[in-house]
1. Please state which one of Ala185, Ala192, Ala180 is among the aliphatic types (A, V, I, L, M) and either within 13 Å of Ile46 (Cβ to Cβ) or not in a loop (DSSP other than H, G, I, E, B) (or both).
2. Within segment 146-162, track down each residue that is over 15 Å from Ile88 (Cβ atoms) and assigned to a strand (DSSP E or B).
3. Pairs only if they're at least six apart or on different chains, beta carbon under 7 angstrom, first in segment 164-192 and more than 14 Å from Trp48 (Cα to Cα), second among the charged types (D, E, K, R); list them, first residue then second.
4. What number of residues within segment 163-177 satisfy the criterion of being of a type in the set (Val, Ile, Thr) and not in a loop (DSSP other than H, G, I, E, B)?
5. Among the residues of segment 57-76, which ones are over 16 Å from Thr31 (Cα atoms), within 21 Å of the chain's Cα centre (by Cα) and of a type outside the set (D, E, K, R)?
6. Which of (1) modelled with pLDDT of 95 or more; (2) under 21 Å from Val166 (Cα atoms); (3) surrounded by fewer than 21 Cβ atoms within 10 Å (Cβ to Cβ); (4) out of contact with any Pro (no Cβ under 8 Å at 6 or more places or on another chain) does Leu116 not meet, given it meets every other one?
7. As an exercise: evaluate Gly120 against (1) in contact (Cβ under 8 Å) with a residue 12 or more places away in the chain; (2) not in a strand (DSSP E or B) and give the number of the one condition it does not meet.
8. Within segment 195-215, which residues are in contact with a strand residue (DSSP E or B) (Cβ under 7 Å, 6 or more places away or on another chain), closer than 19 Å to Leu116 by Cβ and not in a helix (DSSP H, G or I)?
Amino acid sequence: MKTFILSLAAAMVLFFTSCVKDAGTGTSSITFQLKAATSAVNGAGIVWTAGTAGVASTKIEAKKNDSSAVEFKADPNVQLDLFGAVNISNISVPSGTFRHVEFRTELQPLSSKPTLFLDGNYTAGGVTTPISFDVETAVTVISDRDSIVIAATTSTYTALTTVALVTLTQDVTEADLKAATRNSAGKIIISAVSNVAVYNKMLANLAKPQVIDFK
């Protein structure tokens, strides 16, 4: 019986120490950044010209030195201009080698503004129509790296996640947009209650891993 109790206690200690969660302690820091990337003609004949995102939290999840699962987090709660300033938060991290690194930017409605909002124009057959993409539910933007190394000396790193807007509409066809409903002002609004099929395609694309530049 004593052997069983000791074994159970050891197992509980192993369970509770296998994952370390931290608001961020260490001598180095990682600056989280998020921006939208556009091109002259952006997927499905859409040119996005403005966009915002409500960033509730930023998080790094990884395996440190191939052993413990670690998590470092900050809660900036800021409304971000996706076409302007890109800095979101700074997270302190200890030195070491981190593998299977996942950078998570958690978006949600803030300050009475939507989780994510994009505004632009859709052009087809020489006709230009205003269009918007409006997300009101919580969304997590994910990017990942196989590994990162944090130096022993005090250093500052940046982790820039880029949402390539051309990929948001990669499954949206010209037929989808031609058939889309317009509001009384002639605008195509893509949301959870308007043009839902297109909305679901774009939301699924947003859930895919985005591009990360860590340096």
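The values are calculated or read from the model by the stated rules, or taken from the named source; none is laboratory data. Computed from a prediction, not measured in an experiment: that's the story for all the values here. We place every Cβ from the backbone using ideal geometry, glycine too, and count neighbours over all the protein chains shown.
1. Among Ala185, Ala192, Ala180, only Ala180 is among the aliphatic types (A, V, I, L, M) and either within 13 Å of Ile46 (Cβ to Cβ) or not in a loop (DSSP other than H, G, I, E, B) (or both).
2. Within segment 146-162, Asp146, Ser147, Ile148, Val149, Ile150 meet the criteria.
3. Hits for this filter: Asp171/Lys201; Val172/Lys201; Ser191/Asp134; Ala192/Glu136.
4. Total satisfying the criteria: 3.
5. Residues satisfying the conditions are Ala62, Ala69, Val70.
6. Among (1) modelled with pLDDT of 95 or more; (2) under 21 Å from Val166 (Cα atoms); (3) surrounded by fewer than 21 Cβ atoms within 10 Å (Cβ to Cβ); (4) out of contact with any Pro (no Cβ under 8 Å at 6 or more places or on another chain), Leu116 violates only (3).
7. (2)
8. Residues satisfying the conditions are Asn195, Pro209, Gln210, Val211, Ile212.
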